[in-house]
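Working notes, structure below.
Please treat every number below as a calculation from the coordinates, not as lab data. None of these values were measured; they are calculated from a predicted model. Positions of Cβ are backbone-derived with ideal geometry, glycine not excepted, and every protein chain shown enters the neighbour counts.
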Amino acid sequence: MRRILVDHARRRGFAKRGGYALRVVLDEALLVAQARGVEVLALDEALEALARIDRRKSRVVELRYFGGLNIEETAEVLVSRWTP
């Protein structure tokens with residue numbers, strides 16, 4: 001989901017600068033993200049920086065923000081799939 005939102009925000013920026021991006025019908029989550037495109041790009045950059053410092057913390061933010069998981073679900077994913 002993170003990549004989809006980031007790519008969508010980048011395409012919107014391209015269109016604002018005169019690009020000819022194709023208009024695609026998106027689900028409700030992406031329509032909400034349209035208004036927050038700049039925030040999504042800034043969050044992506046921040047997550048990349050955090051991942052260079054601590055990959056696991058970056059993954060927690062990604063799962064909570066982009067995945068919509070609660071604390072228990074995030075912990076379950078990290079315990080079952082985490083590879084340091």
By per-residue mean of other Cβ atoms within 10 Å, what is the highest-first order of 48-56, 2-10?
-> 2-10, 48-56
Extended-chain gain in nm, criterion 0.36 nm per residue less alpha-carbon gap, Glu48 and Asp7 | 13.3 nm
